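Peer 1: Before anything else, here's the structure in question.
Where a number appears in this text, it was derived from the coordinates with a stated rule and is not lab data. The structure presented is a predicted model; accordingly, all values stated were derived computationally and were not measured. No Cβ is skipped: glycine too gets one built from the backbone with ideal geometry, and neighbour counts run over all protein chains shown.
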Amino acid sequence: MIFNSLPFFIFLPVCLLIFYALPHRFRWAFMLVASYIFYGYWKVEYLILIAFSTVVDYLVGQYLYMSDNRKKRLFALSISLTTNLGLLFFFKYFNWFLDDIASPLGFISQEAYGYWNQNFQFLLPVGISFYTFQTMGYTIDVFQKKVEPEKNIFKFALFVSYFPQLVAGPIERFKHLKTQLFTKHSFTYEDLQHGGRLILYGLFIKMCIADNIANSVDLVFNDIASYNSAVLLQTTILFGLQIFSDFHGYSLIAIGTARLFGVHLMTNFNSPYTSLSIREFWSRWHISLSTWFRDYLFKPLGGSRVHQLRLTANILIVFIVSGIWHGANFTFVAWGLIHGLAYVIEKYTWKRLKTNNQIINIFRWLWTMSIVFVAWIFFRANSMDDAIHFVAKMISGGTGNLEASFPPIALSFVGLLIISDIVLKDQDIQSWFNKQSFIIRWSAYSFMLLAILGFAGTVNHPFIYFQF
């Protein structure tokens, strides 16, 4: 079920009515059923994958809690990691492995390769990268004795499948979500107000900005040779704004939806395009994923408490894995590597830069945005050849016989997004709204609602991060 769809606009209020009408002791069970309905609406047979991952990690968690034998505990943890990463590899990366590695290098015969492609093609399960990481985080936390495991398997199943953040995050920690899911919540105007405004703002930037930009961006990336360097530069910038509007919009809707039920999910974005370094960018972009990699990959590799060569390797490993997490293509590896190399360069060369000098900060911002937006080309391109061609033509001033058409209304909304993002930097959007007068608040609500009704994209594009 997609957030910006009629079925969800029916599903959500029905869930709210039933949730608050039920006695407290039944609410979590209802949310579990609702979450499975929400996911099963897309493809019911893939619910078995969520259930399988849930059962494995539940049993592993119980064993880890009961055992004090380190070798046995490590073995149990390896079962959890192997199961989740195995599911992820099979459904997300196996075909890529066959197409770009095994077959070209002769690891598999052409007959076997052809037979597999003809008879075994699977849809990528929506959200598999998110819920597998969430459950792995749980078992790692139990292994490290940071949390006690959930005794009730069905309550644990709700943690894994909680529908507001099931398919594209935020990737939540068990310690943060458990208490909220099973605490008695009363219906309040504050939750309705805060949740509703986040949903409205999320729908606005998704449907009025991301969806209106998407068609033009797709045309250029699918026919790079036909456009000149100026159009390619414009498209690069607009894709960066498209993916931000798309994923930030999803996150706002997810956080707002959970808030309607009294649950506070973690913030996932904080004005990332105001960042003055790649490090700062990753503290503001997809925060739940970057903190996951920090805690469950970077720190176990040794973190910062190692010699410089090892630290450099750790940083690059994290960024390359982050790239691979996003998709099964060498373009994503390149995207992660670009960020990793820029991060390393900053770490070893920027130590003496003054942070209170405006001229230096302008340079730092231009550097950061140049890296981020050039890297987006690799993220969006259909292949490495396309990405390299795109960058080379954009830099060299290449010509083309077509002009791209970017909807003026969408560009106007982009301007509003940029202004609002600067205003809301390091500021809670709820606090900002609460400081405004009644007239300003409701004028903003009315504007966003009318914009959605009148200027939403003619094509309802799926959320970009659903493919991850």
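Peer 1: What net charge is computed for the residues neighbouring Gly303, neighbours being all others with C-beta under 13 Å from the C-beta of Gly303, Lys and Arg scored +1, Asp and Glu -1? Write down the numbers at each step before the final one.
Peer 2: On the way: positive: Arg294, Lys299, Arg305, Arg310; negative: Asp295.
Its environment carries a net charge of +3.
Peer 1: Sticking with this one: So which of Lys71/Lys175; Lys206/Lys425; Lys92/Lys146; Lys92/Lys145 end up more than 21 Å apart by C-alpha? Mind dumping the intermediate values first?
Peer 2: Details: Lys71/Lys175 25 Å; Lys206/Lys425 19 Å; Lys92/Lys146 30 Å; Lys92/Lys145 31 Å.
With Cα atoms farther than 21 Å apart: Lys71/Lys175; Lys92/Lys146; Lys92/Lys145.
Peer 1: Working from the alpha-carbon coordinates of segment 399-442, get Rg over Rh, Rh being the Kirkwood radius. Could the numbers behind the result be given before it?
Peer 2: Values: Rg = 16.5 Å, Rh = 13.2 Å.
Looking at segment 399-442, the ratio lands at 1.25.
Peer 1: Then there's this: Percent relative contact order of segment 314-458, based on C-alpha pairs within less than 8 angstrom and at least six residues apart?
Peer 2: 18
Peer 1: Could you please rank His339, His326, His307, placing first whichever residue has the fewest other Cβ atoms within 10 Å of its Cβ?
Peer 2: On the way: His339 25, His326 20, His307 8.
With the fewest neighbours first, His339, His326, His307 line up as His307, His326, His339.
Peer 1: So, one more: Among Ser437, Asn228, Leu177, pick out the residue whose Cα is farthest towards the positive end of the charge dipole of the chain, where Lys and Arg carry +1 and Asp and Glu carry -1 on C-beta, about the Cα centre.
Peer 2: Projecting each Cα onto the dipole axis, the largest value belongs to Leu177.
Peer 1: Rounded to the nearest 0.05, what FRET efficiency do Phe438 and Leu17 have when you use their Cβ-Cβ distance and R0 = 45 Å?
Peer 2: Details: r = 27 Å, r/R0 = 0.61.
Using R0 = 45 Å, I get an efficiency of 0.95.
Peer 1: Okay, next question. If I take the Cα coordinates of segment 6-187 and project them onto the principal axes, what are the three extents in Å, biggest first?
Peer 2: Principal-axis extents of segment 6-187 (Cα, largest first): 61, 51, 21 Å.
Peer 1: Pick the calculated Rg and Dmax of the Cα atoms in Å for this structure from [x] 25.8, 78; [y] 30.4, 92; [z] 23.0, 70?
Peer 2: [z]
Peer 1: While we're looking at this one, here's another question. Would you mind ranking Phe143, Phe378 so that the residue whose beta carbon has the fewest other beta carbons within 10 Å leads the list? Don't skip to the answer; put the middle values down first.
Peer 2: Working: Phe143 19, Phe378 25.
Fewest-to-most Cβ neighbours within 10 Å comes out as Phe143, Phe378.
Peer 1: Pop a pseudo-label 7 angstrom from the Cα along the beta-carbon direction at both Ile409 and Lys71 and give the gap in nm to one decimal.
Peer 2: Spacing of the two 7 Å Cα→Cβ label points: 6.9 nm.
Peer 1: Starting at 0 and stepping by 5 Å, how many percent of the alpha carbon pairs of segment 192-467 end up in each bin?
Peer 2: For segment 192-467, the pair-distance distribution reads 1, 5, 11, 15, 17, 17, 14, 10, 6, 3, 1, 0.
Peer 1: Same structure again: Ranking request for peptides 201-212, 14-25: highest mean number of other beta-carbon atoms within 10 Å first, then the rest in descending order. Present the calculation step by step, with values, prior to reporting the outcome.
Peer 2: Details: 201-212: 25.5, 14-25: 13.2.
Highest to lowest by the protection proxy: 201-212, 14-25.
Peer 1: Between Ser446 and Met384, with labels modelled 7 Å along Cα→Cβ, what's the label distance in nm to one decimal, could you check?
Peer 2: 5.6
Peer 1: What is the Cα centroid distance between segment 389-415 and segment 301-334, reported in whole angstrom?
Peer 2: 31
Peer 1: For segment 410-468, which semi-axes, largest first and in whole Å, follow from the square roots of 5 times the eigenvalues of its Cα gyration tensor?
Peer 2: Numbers: eigenvalues 117, 57, 26 Å².
Taking √(5λ) for each eigenvalue gives 24, 17, 11 Å, largest first.
Peer 1: Going by average Cβ neighbours within 10 Å, how do the peptides 95-101, 399-405, 247-253 rank, with the highest at the top?
Peer 2: Working: 95-101: 15.4, 399-405: 12.3, 247-253: 25.7.
The peptides rank, most packed first, as 247-253, 95-101, 399-405.
Peer 1: Counting only C-alpha contacts under 8 Å and six or more residues apart, can you give the relative contact order of segment 192-467 as a whole percent? Show your work: numbers first, answer last.
Peer 2: Working: 327 pairs, mean separation 92.4, N = 276.
Dividing the mean separation by the residue count of segment 192-467 yields 33 percent.
Peer 1: Also: Which whole-angstrom value gives the distance between the alpha carbon centres of segment 188-209 and segment 223-259?
Peer 2: If we compute the Cα centre of each part, the gap is 19 Å.
Peer 1: Here's something else I'd like to know. With a cut-off of 8 Å between alpha carbons and a minimum separation of six or more residues, what is the relative contact order of segment 222-332 in percent? Intermediate results must be reported in sequence, preceding the final value.
Peer 2: On the way: 54 pairs, mean separation 13.3, N = 111.
The normalised contact order for segment 222-332 reaches 12 percent.
Peer 1: Helix hunt in the chain: which complete DSSP H runs extend at least 20 Å axially by C-alpha with mean Kyte-Doolittle at least -0.5? Intermediate values should be presented prior to the final figure.
Peer 2: Working: long enough: 6-21 (23 Å, 2.46); 24-43 (30 Å, 0.17); 47-66 (29 Å, 1.52); 70-88 (27 Å, 0.43); 128-143 (22 Å, 0.66); 189-204 (22 Å, 0.03); 229-260 (46 Å, 1.05); 308-326 (27 Å, 1.31); 330-349 (28 Å, 0.90); 358-380 (32 Å, 1.28); 408-423 (23 Å, 2.21); 438-455 (25 Å, 1.67).
Span-like helices in the chain: 6-21, 24-43, 47-66, 70-88, 128-143, 189-204, 229-260, 308-326, 330-349, 358-380, 408-423, 438-455.
Peer 1: Taking the Cα centre of segment 192-467 as origin, work out the dipole magnitude from +1 charges on Lys and Arg Cβ and -1 charges on Asp and Glu Cβ, in debye rounded to 20. Show your work: numbers first, answer last.
Peer 2: Working: 19 positive and 13 negative charges, 236 e Å.
Here segment 192-467 has a charge dipole of around 1140 debye.
Peer 1: In nm, give the distance between the simple-model label positions of Phe90 and Trp365, each being 7 Å from the Cα along the Cα-to-Cβ direction.
Peer 2: 5.0
Peer 1: Could you compute the net charge surrounding Phe244? Neighbours are other residues with a C-beta less than 13 Å from the C-beta of Phe244; K and R count +1, D and E count -1. Present the calculation step by step, with values, prior to reporting the outcome.
Peer 2: Working: positive: Lys206, Arg284, Arg380; negative: Asp246, Asp421.
Local net charge: +1.
Peer 1: Right, another one. What is the order of Glu148, Glu45, fewest Cβ neighbours within 10 Å to most? Numbers along the way, then the final one.
Peer 2: Values: Glu148 13, Glu45 9.
Lowest to highest Cβ neighbour count: Glu45, Glu148.
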